[in-house]
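S.K.: Right, I'll just put the structure down here and ask away after.
The values are calculated or read from the model by the stated rules, or taken from the named source; none is laboratory data. What you are looking at is a predicted structure, and each value in this text was computed from that prediction instead of being measured. Virtual Cβ from ideal backbone geometry, glycine too; neighbours counted across all protein chains shown. Calculation scope for accessible area: heavy atoms of the full protein, side chains included, ligands and nucleic acids excluded. Shrake-Rupley method; radii C 1.70, N 1.55, O 1.52, S 1.80 Å.
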Amino acid sequence: MTQGDKKQIEQALESVVYPGGDKSIIALGMVSEIFIADAKAYFSITVPADKADDMEPLRLAAEKAALSVSGLKAAMVALTADRKPGSAPPPKAAPAPGPAKSAPQPRTKAGVPGVGAIIAVASGKGGVGKSTTSVNLALGLQLLGLRVGILDADIYGPSLPRLLKISGRPQQGEGRVIMPMENYGLKVMSMGFLVDEEAAMIWRGPMVQSALMQMLREVAWGELDVLVLDMPPGTGDAQLTIAQQVALAGAVIVSTPQDMALIDARKAVTMFHKVEVPILGVIENMSYFIAPDTGARYDIFGHGGAKAEAERIDVPFLGEVPLTISIRELSDAGTPVVVAEPDGPQAQIYRDIAHKVWAQVGAGLRRPAPRIVFE
């Protein structure tokens, strides 16, 4: 689509009037720059922060208007309360008469239909092997006989397409839901399937949050026992959105042994504790190195730091994953070690970790009521 197509979308959005006023969201300067990729439009709408919770109908109306443009296959519309410098705030609607409102009730975290449990794999920083751990954990859970999916929640640096050797674009099903990609028996969704590998995502927080919720709840996951979320590194808006809005069965924390990584891992633990998400355990990745030629062991990043931290904060220690050439080579080739060498020592470590994780999650699950699924 071209610059002219953006103008067509803007013209379509002229029909979307801000609630309580008589001007369109375009006239009020509420619509951000419109980004188009692969016949899909991305933009945000600026709304008053105190009315954001009531603006979902406005977002849906804008999405519907955008989709009326010929050639556009999908639209991802986010709400943001960050007003552009110099733009006039939207008009305030007169309050409706009625009884005084009661104190707001806490939001209930929502699950995903058909998914038994959602597990977050997180770290306080990047570069600790979290995505490789997520993939092999998911495959280890699958070897327990579970139906498993995995969501790449790292919008800025998606890794799953390469780690799982998946290419191409996902298909769109009925009701505009997205069909997940599949390989090695896993159902997979990633922003990496929707944009070119070298494309730089330059979205602000609200756009990222909206994209995450769409990939989580507007994907046809089907019936899964567990969905693994490969979380983005850090403890920013995206991580907090997931932790606050998604019914997580628990979180697995990945760290390397050295003090600097552990400091950031503690931040991830603190975030999950604040939003009442149980910590399923800590994994020490790149725990040690065994030289392939001599068999000598080297503690390149130190050793035992993650285990000591797990004991200090009284959470399970799930295991030590060594730094090996085979894990790196197999991951780069898109054939995870649990698939390529399922009976090897490294795969056995991931399988043991998966068993420990599911022992906690499975014990805490109630058997769900039968679901009626229309296909």
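S.K.: What percentage of the solvent-accessible surface of the stretch 223-354, computed with a 1.4 Å probe over protein heavy atoms, is contributed by carbon and sulfur atoms?
M.R.: After summing per-atom areas, the C and S share lands at 52 percent.
S.K.: Determine, from the Cβ-Cβ distance of Ser326 and Ala27 and an R0 of 35 Å, the FRET efficiency 1/(1 + (r/R0)^6), rounded to the nearest 0.05.
M.R.: After rounding to 0.05, the efficiency reads 0.05.
S.K.: Turning to a different aspect of this structure: Of Lys307/Lys356; Lys6/Lys51; Lys40/Lys267; Lys7/Lys73; Lys23/Lys64; Lys274/Lys307, which sit over 25 Å apart, Cα to Cα?
M.R.: Lys6/Lys51; Lys40/Lys267
S.K.: What FRET efficiency do you get for Ser68 and His355 if R0 is 51 Å and r is their Cβ-Cβ distance, rounded to the nearest 0.05? Could the numbers behind the result be given before it?
M.R.: Numbers: r = 51 Å, r/R0 = 1.00.
E(calc), rounded to 0.05, equals 0.50.
S.K.: Taking 7 Å along the Cα-to-C-beta vector as the label spot, tell me the Leu240-Lys274 distance in nanometres, rounded to one decimal.
M.R.: 0.6
S.K.: Now for a different question. Would you mind getting me the FRET efficiency between Ala39 and Val17? Use the beta-carbon distance for r and R0 = 22 Å, nearest 0.05.
M.R.: Computed FRET efficiency for Ala39 and Val17: 0.25.
S.K.: Separate question: Using θ = phi - 60° and the Karplus form 6.51 cos²θ - 1.76 cosθ + 1.60, what ³J(HN,Hα) does each residue of the stretch 130-146 get, whole Hz, x for Gly and Pro?
M.R.: Per residue, the Karplus-derived 3J(HN,Hα) values read 5, 5, 4, 5, 4, 5, 6, 5, 4, 5, x, 5, 5, 5, 7, x, 8 Hz.
S.K.: Once phi is turned into θ = phi - 60°, what whole-Hz ³J(HN,Hα) does the Karplus curve with 6.51, -1.76 and 1.60 give for every residue of the stretch 295-308, x standing for Gly and Pro?
M.R.: Rounded to whole hertz, the list is x, 6, 9, 10, 8, 4, 9, x, 7, x, x, 5, 5, 5.
S.K.: Next question. Pop a pseudo-label 7 angstrom from the Cα along the beta-carbon direction at both Met179 and Asp54 and give the gap in nm to one decimal.
M.R.: A separation of 4.2 nm, rounded to one decimal place.
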